[in-house]
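Asker: If you scroll down you'll find the structure; I have some questions about it.
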Amino acid sequence: MLFNSVTYLLFLPVVVIAFWLLPNRFRSFFLLGTSFFFYMSWLPVYGFLLAALTVTNYFLGQSISAGKHSGRYLAIGVIFNLATLSYYKYANFAIESWNKAAQVLGPWLQIPAQSVSFPLQNILLPLGISFFVFEFIHYLTDVYKGGKPIANFVNFSLFASFFPSQIAGPIKRYQDFIKQLEYPHVFSAEALERGLRLVLQGLFKKVAIADNLAPIVSAGFSNASALGGLEAWIASCAFAIQIYCDFSGYTDMGRGSAIMLGFDLPDNFNWPYIAKNLPDFWKRWHISLSSWLRDYLYIPLGGSKCSLPRRHNNLIITMLLGGLWHGASWHYVVWGAFHGVGLVFCHTYDAQLKREAKLSIALKKFHASSLGVTVSVALTFLFVLVGWVFFRADTVTQGLQVLQAMYSFQSSTCLTESIEKYPVVVALALYMIGRLLVDRFESIRLSRDSLIPLAPARIVAYICVFICAIGLSPTGKTPFIYFQF
Amino acid sequence: MKTELAETEKKLSDIEGNTANVTAYPWLKALVQMNIALFIGLVFLEAVFYLARVGESDHLMPDQKLGFKPFAHKRITQRNEGFGSFQFNSFGMQNDEITLTKPINVYRIAVFGDSYVESLQVPRESNYCSLLAKELSRELGKPTEVLNFGVSNYSLAQDYLRYQTLAKDFNPDLVIIAYRVGETEKVLPDNRQSLAFVRPVLFVDQNGKLIYNNTVVANFYKAKEGKRLLNTQILREYSRTWNTLGRMQQSWAVGSKDTEGKASSPLIADEKTREKFAACYWFMIDPILKNFAKECAANHTAILIMRTPMVHPGEYVLSRNEVETDQLEATAREAKADFINLDRLLQLNAKNHDYRPYFLEGSHFSKPMHKFIAKNLAKHIASTISNSSQESAP
C-alpha cells in the first residue's frame with residue numbers, strides 16, 4: 001500500500017478513528033493487525049517472512065538478555081539478519097558479478113565461462129526489509145550492551161512492523177518506541193492536526209514536486225549521451241530536489257500518520273541542502289540511517305578513537321557499505337565511496353586547521369563570515385550533487401556520461417518537452433512560499449494562525465491544500481524511490 | 001464630561017451586546033468563517049491551477065444536434081500524450097482567430113476529422129494544418145488558410161454535420177476529409193455514458209438519402225450523466241478546480257480501470273474482423289462521403305479524401321486494412337473526389353518500416369508525422385491545382 005495511493009488515504013482515517021475509539025488495552029493488538037494488513041496488502045506471502053523474522057529476533061533478544069552465551073546469540077542474530085537481507089537483496093548482484101568476472105577471467109585461466117556461471121534467481125525484494133533488518137540488529141546489539149529487552153511479544157512485533165515506518169523508515173530506536181507503548185495514549189486534537197498537517201506536507205512534496213520532477217530526471221538520464229551542459233545540470237539538480245521531496249515526503253507522511261496515532265517517530269531530515277560541510281550534510285540527511293551507521297558500524301570498527309589512517313579507513317568502509325545498503329549495484333558503491341572520500345577530506349581539513357594555528361584563525365573567520373557560509377554551502381551542495389548523479393544513474397558509465405555532459409558547452413533539447421509539460425515550477429514556488437515564508441518566520445506563522453483561528457476554516461484550508469497537491473500531480477501512481485531499498 | 005462617560009458606557013454595552021449575540025450563535029460564526037475560507041480557498045485554487053495550466057483538459061461541451069462540440073474561447077492544456085496548450089477560437093476551433101468572410105486572394109482549406117486532425121498533442125504551430133498553410137502559401141505563391149475542424153472522437157457523420165452547420169459558411173476552396181481505418185467503429189449508435197461517444201447517426205434509405213437520427217443524443221441528455229453535464233456546463237467551462245475534482249473522481253472511482261479500458265481499446269478485435277466489418281458497413285459510410293462531396297461541389301468547393309496512417313496505442317505497427325482502403329478509394333472515385341493515400345506513402349518513406357518516430361505512445365501523430373503529412377499534402381494539392389488550371393486554360 002503506497003502512502004500516496006487512494007487506498008492509504010482511506011485506510012489511514014479508518015485506522016485513526018478506530019484506534020482512538022478502542023479501549024487502550026486493545027490498541028496495540030489493533031495496530032499490529034493493521035500493520036500486518038498494510039504490509040500484506042502488497043504481497044501476502046512476505047507477511048510470513050516479517051512474522052518469522054520478528055519471532056526469531058524476539059527469542060534471540062530474550063536469549064541475549066538471559067546472559068549465558070550472549071555474545072554467541074548476538075553473533076547468530078546479526079548473521080541471521082544479514083544473511084536474510086543478503087539473500088533477498090544481494091544474491092543476484094553476487095551471481096551477476098561472479099558471472100561477469102568469469103567471462104573476463106575465464107579465457108585467461110582457460111576455463112569456459114559457462115561452466116562456472118550461475119543462473120540468476122527469481123527473487124522479489126520484500127518491501128522495507130533493509131529497514132526492519134537494521135532495526136532488529138540495533139535491538140539485539142543494544143540488548144547485548146545491557147539494554148532491557150522488550151518482554152511483551154505484541155509490543156516487540158509492533159516495534160518491527162509499525163506501519164507508518166515499516167517500508168522506508170525512519171529507522172526507529174526501540175527504547176524510544178517502547179516508552180510510547182507503555183503509557184496510555186491520550187487523544188489530542190492539536191496532535192491530530194499536527195499529524196494531518198505533516199501528512200499533507202508530505203503528500204504535496206511527493207505528488208506535486210517529486211512526481212513532476214521524475215519525468216524530467218528520467219528524460220535526462222535516459223538520454224545521458226545526448227545531454228548538453230545546461231540540461232545535464234537541470235537533470236542533476238532536478239534529481240537532487242526529487243529525491244529530497246520523495247524521501248522526506250514519505251517520512252513526513254509516516255511521521256504525520258504516527259502522530260495522529262499518538263506516536264512520535266524520529267525526524268529524518270533537517271534542511272540537508274544548506275549543510276556547511278559533508279559531515280554536517282550527514283547530520284541532516286537520512287538522519288536515522290546515518291546515526292545507525294555511526295552507532296553500529298563506524299564505532300564498532302574503531303570510530304574516531306584510533307589512528308588517523310585507521311579512522312579514514314573506517315569512514316570509507318562505513319560509507320561503502322552505506323552505499324551498498326541502498327542497492328545491489330556498482331553505482332551505489334561508487335556513490336558511497338565518493339562520500340567516504342569526501343568525509344575523509346573534510347576530516348583531514350579539520351585536522352590540518354587544528355595543527356596550523358595562524359592559518360586556522362584566518363580560515364575560521366572566513367568560514368564564520370556570510371561569504372564563507374555561502375561558499376561552504378555551495379561547495380557542499382555541489383559535492384552532494386555530483387554524488388547524486390551516480391546514485392540516480394542506472395550504471396556507473398551512465399553517471400560518467402552525465403558528469404561529462406555537465407562540463408560540456410553543447411546544447412540539447414532532451415528535456416524541453418518534459419519541463420514544459422509538468423507544472424513543477426508552480427509546485428516548487430508554492431512549496432517554497434509555504435516553507436520558507438510561513439514556517440521559517442514566526443511573525444508570518446502567527447498571522448496565518450490568527451487569520452484562520454477556527455477549526456472549520458482550517459479544515460477548508462487543509463482540503464484546499466489536498467486538492468492543490470492532487471491537482472498538480474501528474475496522472476498515474478509513482479512509488480517512493482526509497483521503497484526499492 | 002458626564003455625557004462623554006455615558007456615551008462610552010453605552011458603546012461598551014453595545015459591544016458587549018454584540019459579543020453576546022455572537023457567542024449565542026457560535027455555529028453562525030463558524031459558518032461565516034467556513035464560507036470565507038471556502039471562498040478564499042477556491043480563489044487560491046483557481047489561481048494556482050490557472051498558473052499551472054491544470055484542469056484545462058476538458059474541452060467538449062454538449063450539443064443537441066452534433067452530440068458534442070468544443071467550447072469556444074477555452075484554453076486547453078493536454079498532458080496525457082505529448083503536450084499542447086491552446087486557446088480555442090470563437091468558433092470552437094483548434095485554430096487562431098479567423099474571420100467568417102474569406103479574405104480576397106486567399107486559398108482556404110477546411111480539414112475534417114477526429115483528434116488526429118485536432119492535434120492537441122503537439123504545439124499548434126507544429127500540427128499539419130499550420131504546416132500545410134505555410135508550405136502551400138510558398139508553393140502557390142499566395143496566402144493559404146487552413147481551418148482545423150477536427151474534433152476528438154468525431155465520426156464521419158459528425159464531420160458532415162459540422163460542415164453543414166459551421167464550415168460551409170467559411171466558403172472553403174477545398175475540403176479535406178481525414179479518414180483513418182478506425183472510422184468503421186464509429187458508424188453504429190454507441191450507448192456508452194460518456195460525452196465523447198454521444199454521436200448522432202446518419203442512416204441511409206433505399207434511395208441513398210441520408211436520414212439524421214439523434215436517438216443516442218436525445219437519450220443521453222435525458223439520462224443522469226447527460227443532465228449532469230448540462231447542469232454543470234458553466235463550471236466545466238470556467239472552473240479549473242471543478243475539472244480537477246472531476247479528474248480526481250474519475251481516477252479514484254471504483255472500477256475506473258474498466259471504464260478506461262473500454263474507452264481506449266478498439267471495439268473491433270483484430271484486423272481481419274475489421275476488414276469484414278468494413279465490408280459490411282461500407283453501405284453506411286459510402287453515402288455520407290458521396291453526399292458530403294455532392295454538397296461541396298454544389299458550394300463550388302473541391303474535396304480531397306485523405307487516408308491517414310493508423311496504429312493502435314502502444315503498438316507501432318500500421319493498421320493495414322486494404323479492403324477498407326480500396327473501398328475508400330472507389331468511393332472517392334465515384335464521388336469525383338480527389339484521393340491521397342498517405343498510409344502507402346509512409347510505408348515507402350519510413351526507414352526500415354520503423355514507424356516509432358511517427359507516432360506518440362497513445363497512437364496520435366508526433367511532430368515528424370505532422371511534418372510528413374503537411375509536406376505530402378502540400379505537394380499533392382499544389383500539383384492538383386496546377387493540373388486543373390492547365391486543363392481549364394484555353
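The values are calculated or read from the model by the stated rules, or taken from the named source; none is laboratory data. Every value quoted in this text rests on a predicted model; they were computed, and no experiment measured them. Don't worry about glycine lacking a Cβ; one is built from the backbone with ideal geometry, like all the others, and counts go over all protein chains shown.
Asker: Report those helices (runs of 4 or more DSSP H) wholly inside the range B:300-394 carrying at least 2 residues which are under 19 Å from residue B:122 (Cα atoms).
Answerer: B:367-392
Asker: Restrict the check to the range A:50-68 and report whether at least one residue is of a type in the set (Lys, Arg), assigned to a helix (DSSP H, G or I) and over 24 Å from residue A:2 (Cβ atoms).
Answerer: No, the range A:50-68 contains no residue that is of a type in the set (Lys, Arg), assigned to a helix (DSSP H, G or I) and over 24 Å from residue A:2 (Cβ atoms).
Asker: Which residues, taken from the range B:51-94, are more than 14 Å from chain A (Cβ to nearest Cβ), among the small types (Gly, Ala, Ser) and without any contact (Cβ under 8 Å) to a residue 60 or more places away in the chain?
Answerer: B:72, B:90, B:92
Asker: A further question on this structure: Do we find a residue being within 19 Å of residue B:71 (Cβ to Cβ), touching a residue at least 12 places away in the same chain (Cβ under 8 Å) and not in a loop (DSSP other than H, G, I, E, B) anywhere in the range B:200-207?
Answerer: The answer is no; no qualifying residue exists.
Asker: Output the residues belonging to the range B:179-195 that are part of a loop (DSSP other than H, G, I, E, B) and crowded, with 19+ Cβ neighbours inside 10 Å.
Answerer: Answer for the range B:179-195, where residues must be part of a loop (DSSP other than H, G, I, E, B) and crowded, with 19+ Cβ neighbours inside 10 Å: B:180, B:187, B:190.
Asker: Kindly provide the set of residues from the range A:401-424 that are at the interface with chain B (Cβ under 8 Å from one of its Cβ atoms) and in a helix (DSSP H, G or I), ordered by number.
Answerer: If the condition is that a residue be at the interface with chain B (Cβ under 8 Å from one of its Cβ atoms) and in a helix (DSSP H, G or I), then A:417, A:420, A:421 are the ones that fit.
Asker: So which residues in the range B:268-321 are modelled with pLDDT under 80 and crowded, with 21+ Cβ neighbours inside 10 Å?
Answerer: B:274
Asker: Within the group A:459, A:463, which residue is modelled with pLDDT of 90 or more, closer than 18 Å to residue B:45 by Cα, within 14 Å of chain B (Cβ to nearest Cβ) and surrounded by fewer than 17 Cβ atoms within 10 Å (Cβ to Cβ)?
Answerer: A:463
Asker: A further question follows. Return yes when residue B:1 is within 14 Å of chain A (Cβ to nearest Cβ) and either over 16 Å from residue B:151 (Cα atoms) or at pLDDT 95 or above (or both) and no when it is not.
Answerer: No: the conditions fail for residue B:1.
Asker: Of all residues in the range A:7-27, count the ones that are closer than 23 Å to residue A:168 by Cβ and surrounded by 15 or more Cβ atoms within 10 Å (Cβ to Cβ).
Answerer: 7
Asker: Go through the range A:104-145 and give me each residue that's surrounded by 13 or more Cβ atoms within 10 Å (Cβ to Cβ), more than 30 Å from residue A:300 (Cα to Cα) and of a type in the set (S, T, N, Q).
Answerer: Within the range A:104-145, A:117 is the sole residue that qualifies.
Asker: Give me the residue from the range A:146-162 that is out of contact with any Lys or Arg (no Cβ under 8 Å at 6 or more places or on another chain) and not in a loop (DSSP other than H, G, I, E, B) and, out of that set, surrounded by the most Cβ atoms within 10 Å (Cβ to Cβ).
Answerer: It comes out as A:160.
Residue by residue, here is whether (1) buried (at least 21 other Cβ atoms within 10 Å of the Cβ); (2) modelled with pLDDT of 95 or more; (3) under 15 Å from the mean Cα position of the chain (by Cα) holds:
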| site | (1), (2), (3) |
| --- | --- |
| B:72 | no, no, yes |
| B:76 | no, no, yes |
| B:85 | no, no, yes |
| B:99 | no, no, no |
| B:104 | no, no, no |
| B:110 | yes, yes, yes |
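Asker: Same structure again: Pull up the range B:208-256, narrow it to residues that are within 14 Å of chain A (Cβ to nearest Cβ), over 18 Å from residue B:60 (Cα atoms) and not in a helix (DSSP H, G or I), then point me to the one that is modelled with the highest pLDDT.
Answerer: B:253
Asker: Let me ask another. What is the residue count in the range A:63-91 for residues that are under 30 Å from residue A:329 (Cβ atoms), free of Cβ contacts under 8 Å to residues at least 40 places away in the same chain and of a type outside the set (A, V, I, L, M)?
Answerer: 3
Asker: Further question: Being surrounded by 14 or more Cβ atoms within 10 Å (Cβ to Cβ) and closer than 17 Å to residue B:62 by Cβ: is that true of residue B:153 here?
Answerer: Judged against the criteria, residue B:153 is a match.
Asker: Then there is this: Could you give every pair whose Cβ atoms fall below 6 Å, whose first residue belongs to the range A:1-26 and is within 14 Å of chain B (Cβ to nearest Cβ) and over 26 Å from residue A:184 (Cα atoms), and whose second residue is among the basic types (Lys, Arg) and part of a helix (DSSP H, G or I), counting only separations of at least 6 or pairs across chains?
Answerer: Taking only residues 6 or more apart or on different chains, the pairs are A:4/A:206.
Asker: Being over 24 Å from residue B:83 (Cβ atoms) and in the same structural domain as residue A:404 (by TED's automatic domain parsing) narrows it down to one residue among A:230, A:213, A:198; which is it?
Answerer: Criteria check complete, one pass: A:198.
This table checks each residue for (1) over 25 Å from residue B:359 (Cβ atoms); (2) assigned to a helix (DSSP H, G or I); (3) at pLDDT below 95; (4) in contact with a helix residue (DSSP H, G or I) (Cβ under 9 Å, 6 or more places away or on another chain).
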{"position": "B:31", "(1), (2), (3), (4)": "yes, yes, yes, yes"}
{"position": "B:37", "(1), (2), (3), (4)": "yes, yes, yes, yes"}
{"position": "B:54", "(1), (2), (3), (4)": "yes, no, yes, yes"}
{"position": "B:82", "(1), (2), (3), (4)": "no, no, yes, yes"}
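Asker: Residues of the range B:118-170 being closer than 22 Å to residue B:188 by Cβ and assigned to a helix (DSSP H, G or I), which ones?
Answerer: B:156, B:157, B:158, B:159, B:160, B:161, B:162, B:163, B:164 - these are the residues of the range B:118-170 that are closer than 22 Å to residue B:188 by Cβ and assigned to a helix (DSSP H, G or I).
Asker: I'd like the full set of residues that are small (Gly, Ala, Ser) and in a strand (DSSP E or B), limited to the range B:84-93.
Answerer: Scanning the range B:84-93 gives B:84, B:85.
Asker: Right, here's the next one. Would you confirm, using the coordinates I've provided, whether residue A:433 is free of Cβ contacts under 8 Å to residues at least 60 places away in the same chain and within 14 Å of another protein chain (Cβ to nearest Cβ)?
Answerer: yes
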